[in-house]
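See structure below.
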Amino acid sequence: MDVSNRRIVILGKTGAGKSSLANTIFGEKLFHIDHSFSSGTSECKAETRSVNGRSLTLIDTPGFFDTDRSEEDLKPEIVRCITECAPGPHAFLIVLKVEKFTEHEQAVIKEINQCFSEEVFKYAAVLFTHGDQLPEGQKIKDFLRKNTFLSDLVKKCGSRCHVVDNKYWNEKPKDEYRSNPFQVEELLNTIDKMVMENKGSCYTNEMLQVVEEEIEQEEELIRQSSGNMSEKEIREQAKDRVATKLSVRLAGIGTGVLLGALSGSAAVGAVIGGFTGYHAAEGADTPWEAAERTAGTLKDGAFSVIDNANQFLDKMFNPK
């Protein structure tokens, strides 16, 4: 078995059980779970551990697809997610609860469908939490048949679908299906198969590649004065530096465009434009020179970048 590290981004609305899922997969409590009324992950966090002979990096995220989160809250966490998963994730886990789906849940699923490109769905699987809500003897695929939104989403993800219960499925069950260890192993087998089908590659795009190049440049600078720092410490410090720089460079770009760039929409062009303009302006002696450099760099692609970004935003916020 290939034991190279797998980067896995966990996505879903606030309260879906993303942090609990990460703890279930790792078999230890590494991700904080807030049990307050307004519970949910507020910051992007990554941890790496070995699970069943596999090295996994799980990237827990806030509710990127929540409709009530402010740009001020979400933007730095999307930037952090981008730097944590660069040069790209091997898998996206879309986390949903086993429950009766209201209009709000359906809106979240619709937004995921609109935000993800067809390319990203090749790297995605759906993971349901609160499996104890399944009627006795029912499996998750039986549950899916009752909801067109869910069925369509799972089909887009290559019919990759699993279920856990972070609270009740830890004891040795009578039914093997209702067992977290069994379901986690099945999930990891699915990810292994998905990576093989994708020829060992991770999902990437131009933005993620540019971010990885920036991280590598920072790593080299840190090594030159790092003393006895380990490679892991160097990597973490480099990611912190790049995340800070990106937050400044992309200050004028909205969360919808940022999230779209991460998940494969035409908005990648808008974000790359932000990188390019910033780099072009560096080293200028006057504000006017910086403006001229930026304009010159973006001249050929400016209109396509703006057009792509506008199309994406229109799709996100004015669905047919």
Please give the FRET efficiency for residue 133 paired with residue 49, using the beta carbon to beta carbon distance and R0 = 30 Å, rounded to the nearest 0.05.
0.60
Cα-centre dipole for the stretch 115-217 with unit charges at Cβ (Lys and Arg positive, Asp and Glu negative), debye to 20
700 debye
Mean Cβ-within-10 Å packing, highest first, puts peptides 218-224, 254-260, 6-12, 175-181 in the order 6-12, 254-260, 175-181, 218-224
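Treating only the Cβ of Lys, Arg, Asp and Glu as charged (+1, +1, -1, -1), what charge dipole size does the stretch 1-148 show about its Cα centre? Round to the nearest 20 debye.
In debye, rounded to 20, the stretch 1-148 gives about 540.
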Per residue and in cubic angstrom, what volume does the convex hull of the Cα atoms of the stretch 95-170 have?
90 Å³
Just check the stretch 185-261 against the gyration tensor rule for me: Cα atoms, a ≥ b ≥ c as the square roots of the eigenvalues, rounded for a/c under 1.5, and otherwise prolate or oblate depending on whether a/b exceeds b/c.
oblate
List, in order, the whole-Hz ³J(HN,Hα) value for each residue of the stretch 238-243 obtained from phi through the Karplus relation with A = 6.51, B = -1.76, C = 1.60 and θ = phi - 60°; use x for Gly and Pro.
5, 5, 4, 5, 5, 4
Name the residues whose placed amide hydrogens come within less than 5 Å of the amide hydrogen of residue 124, ignoring near sequence neighbours (fewer than 5 apart) on the same chain.
92
Taking a ≥ b ≥ c as the square roots of the Cα gyration tensor eigenvalues, with a/c under 1.5 meaning rounded and otherwise prolate when a/b beats b/c, else oblate, which class fits the stretch 1-138?
rounded
Excluding residues fewer than 8 positions from residue 155 in its own chain, the aspartates and glutamates with Cα under 17 Å of it are 111, 118, 119, 142, 197
Using 0.36 nm times the number of residues separating residue 233 and residue 103, minus their current alpha carbon distance, what extension gain do you get?
42.4 nm
If you roll a 1.4 Å probe over the stretch 136-182 with all protein chains in place, what percent of the accessible area is carbon or sulfur?
50 percent
What list of ³J(HN,Hα) couplings, whole Hz, do you get for the stretch 73-82 from phi and the Karplus terms 6.51, -1.76, 1.60, once you set θ to phi - 60° and write x for glycine and proline?
6, 7, 4, x, 6, 5, 4, 4, 4, 4
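Over 23 Å between C-alpha atoms is what I'm after, so list which of 139/172; 75/122; 29/75; 45/100 land there.
75/122; 29/75; 45/100
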Given the C-alpha centroids of the stretch 136-191 and the stretch 196-260, what is the distance between them in whole angstrom?
33 Å
With all pairs of different alpha carbon atoms counted, what Kirkwood hydrodynamic radius in Å does the stretch 58-124 show?
13.4 Å
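The values are calculated or read from the model by the stated rules, or taken from the named source; none is laboratory data. Treat the numbers as computed from the prediction; the structure is a model and nothing was measured. With ideal geometry, Cβ positions are generated from the backbone for all residues, glycine too; neighbour counts draw on all protein chains shown. With ligands, DNA and RNA removed, areas are computed over all heavy atoms of the protein, side chains included. Shrake-Rupley method; radii C 1.70, N 1.55, O 1.52, S 1.80 Å.
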